[in-house]
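Here is the structure we will look at, set down as structure tokens.
The values are calculated or read from the model by the stated rules, or taken from the named source; none is laboratory data. Given the structure is predicted, the values throughout are model-derived calculations rather than measurements. All Cβ positions, glycine included, derive from the backbone under ideal geometry; neighbour counts span all protein chains shown. The accessibility values were calculated without ligands, DNA or RNA, using every heavy atom of the protein model including side chains. Shrake-Rupley method; radii C 1.70, N 1.55, O 1.52, S 1.80 Å.
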Amino acid sequence: MTIPTLTLNNGVTLPALGFGVFQTPPDETVAAVRTALEVGYRHIDTAAAYGNEREVGRALRESGVPREEVFVETKVWISDYGYDATLHAFDKSAVKLGVDTIDLLILHQALPSRFDLTIDAYRALEQLLATGKVRAIGVSNFMTDHLDELLAATTVVPAVNQIEVHPYFRQPAVLAADAAHGILSQAWSPIGGITFYRDSGHPSALADPTIAAIAATHDRTPAQVMLRWHLQRGRSAIPKSVTPSRIAENFAVTDFELTDAELAAIDALDTGHRGGPEPATMTLEAWGRPVPEA
Ligand code: NDP
């Protein structure tokens, strides 16, 4: 089963489908990532703020899969923004992951009220790219105004913008801005995890009747239909699971094809209601917390 490859704006390639580990407890991370690597995933998405980079690194080493075959992506938390602090954040993540080079390093959030710090952090990413410590750099949860402000102040166009995208919240304006700038949109909560895992009372896209009907047509599961939708729309997607059967299920998405009408029907499910934190209100005061040394 071959997962499609995407080419970033600097020529680096990555498997479109990656494996997420947000909220995967450290003591479950090694098993989850090892299962993912056994199933065939070759792209792992973690973050300094998830507290499980060390376990991701352990799983990589224990798996026996050659380092160069796995695309490793991680994120700098806002508490480490600033030129020197972000350079040091690379060191912390690289040591925890047990790697010399990080394939994709991204800023986890914009800090709208401290955009100066956000820019300093991004300039550190540019420096890490120039010195070959990272193969690509990018951002996460950047809205269109954040992208405009960043692009005006820096040199390297982000390769990736990792944002909340699932059938109930699609962010078409951000997707369009990413595309216009040559930035790959990468979907977090691609099967709508944010809509249900916090007992938020939100409806789950996994139980959506339109998605269920499409899934029945193709003899697939709702999760597989959503992941197929991302891939056919040209996005990267990084589903998370700690459940071996679901890890395999989410990877088995290359041998069926949704029609244009089915893709459009899923697009039309957008409610405009964000599940995650509002990027405009992200502050150090509310969300800052130190990232431990390696
Ligand atoms: P997902 O959309 O990947 O959903 C994950 C949830 O769905 C888990 O509760 C999981 O349960 C369950 N699940 C997984 N597969 C299936 C399936 N086939 N059928 C039914 N249920 C399933 O949400 P996430 O929020 O975890 O997003 C994915 C990744 O995106 C994260 O792990 C992280 O890497 C990244 N992310 C980035 C953010 C950012 O700010 N940049 C924010 C949030 C996420 P279980 O594990 O128990 O199987």
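Might you tell me the accessible area per residue for the chain, computed with a 1.4 Å probe and given in Å²?
Accessible area per residue: 40 Å².
3J(HN,Hα) along segment 63-68, derived from phi through the Karplus expression 6.51 cos²θ - 1.76 cosθ + 1.60 where θ = phi - 60°, amounts to 5, x, 6, x, 3, 6 Hz, with x in place of Gly and Pro. Residue by residue, segment 75-86 carries 3J(HN,Hα) couplings of 10, 8, 7, 4, 5, 9, 7, x, 4, 5, 4, 6 Hz when phi is fed to the Karplus relation 6.51 cos²θ - 1.76 cosθ + 1.60 (θ = phi - 60°); x denotes Gly or Pro. Look at the dipole of the chain built from charges on Cβ: of Phe142, Ala152, Val225, the Cα furthest out on the positive end belongs to Val225. The helix-only estimate of mean residue ellipticity at 222 nm for the chain, built from DSSP H runs of length n ≥ 4 each weighted as -39500 (n - 2.57), is -12000 deg cm²/dmol after division by the residue total.
For the chain, the longest principal axis of the C-alpha atoms and the axis of helix 144-153 are separated by about 30°. Under 5 Å between amide hydrogens, built in the peptide plane, is the criterion, and for Ser185 it picks out Asn161, Ser236 among residues at least 5 positions away or on other chains.
Note: relative contact order over the chain, using C-alpha pairs below 8 Å and six or more positions apart, is 21 percent.
In terms of modelled amide H atoms, which long-range or inter-chain residues lie less than 5 Å from the amide H of Lys240? Distant-sequence amide H within range of Lys240: Gly20. When peptides 136-144, 254-262, 37-45, 240-248 are ranked by their average number of other Cβ atoms within 10 Å per residue, the highest-first order is 136-144, 37-45, 240-248, 254-262. List the residues whose amide H sits under 5 Å from the amide H of Phe169, counting only those 5 or more places along or on another chain, with H placed 1.01 Å from N in the peptide plane. Under 5 Å from the amide H of Phe169: Thr271.
The length gained on full extension between Asp267 and Glu28, counted as 0.36 nm times the residue separation minus their Cα-Cα distance, comes to 82.7 nm. Here the Karplus relation 6.51 cos²θ - 1.76 cosθ + 1.60, evaluated at θ = phi - 60°, turns the backbone of segment 49-60 into coupling constants of 6, 7, x, 9, 4, 4, 6, 4, x, 4, 4, 4 Hz, with x for every Gly and Pro. Here the accessible area is traced with a 1.4 Å probe on the protein chains. For the chain, carbon and sulfur cover 53 percent of it. The alpha-carbon positions of segment 15-287 define a convex hull whose volume is 120 Å³ per residue.
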